[in-house]
Amino acid sequence: MNISQRSPAAGRPNPRQVLGEAGERLAAEYLERRGARILASNWRAAPSRHGVGGELDLVALIGHRIVAVEVKTRSGSGFGHPLEAITASKLRRLHLLLAAWAREQGETGRERRVDAVAVTVTPKGGGELIVRIQHRPGLG
């Protein structure tokens, strides 16, 4: 992942994008430590090709299931819990995108599900950060 994406207006890294990419890396590492195998990251589907457009943050093999993992990262709690950002509409889109990924990869026979990982990064002081990761399997 390229964490040096530049904001066109400012000519410096976009802090939200840097935080999001860091959260996705932390989520992938967290899942791998628990036995998951990451199959894809930032997989994109164009609407014309798959009927639904969008991106899957992570696709993992967890046990015998193919799992789309939506990663939500926040710095602090000022905007609520990260998982509150996953709406019913977003969840439907994730299921459709996972089905498209499975078709493209020839994995239509496997069980599938959608999980979420919340990553919260909070400054502790002295330059240290507290990172909290929560995995919620089987959303809707």
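How far, in degrees from 0 to 90, does helix 88-105 lean away from the longest principal axis of the Cα atoms of the chain, to the nearest 10?
60 degrees
If the only charges are +1 at each Lys and Arg Cβ and -1 at each Asp and Glu Cβ, what is the size of the charge dipole of the chain around the Cα centre, to the nearest 20 debye?
Values: 22 positive and 13 negative charges, 30 e Å.
So the dipole magnitude of the chain works out to roughly 140 debye.
Quick one: what Rg and Dmax do you get for the stretch 55-98 from the alpha carbons, in Å?
12.1, 37
Based on a Kirkwood Rh over C-alpha pairs, give the Stokes-Einstein translational diffusion coefficient of the chain at 4 °C and viscosity 1.567 mPa s in µm²/s.
Answer from the Stokes-Einstein relation: 81 µm²/s.
Which of the three applies to the stretch 28-87, rounded, prolate or oblate, going by the alpha-carbon gyration tensor with a ≥ b ≥ c and a/c under 1.5 meaning rounded?
oblate
Only the coordinates and a few stated rules stand behind these numbers; no lab work does. Fair warning: this is a prediction, and the values are worked out from it, not measured in the lab. Here Cβ is always computed from backbone atoms with ideal geometry, including for glycine, and neighbour counts include all displayed protein chains.
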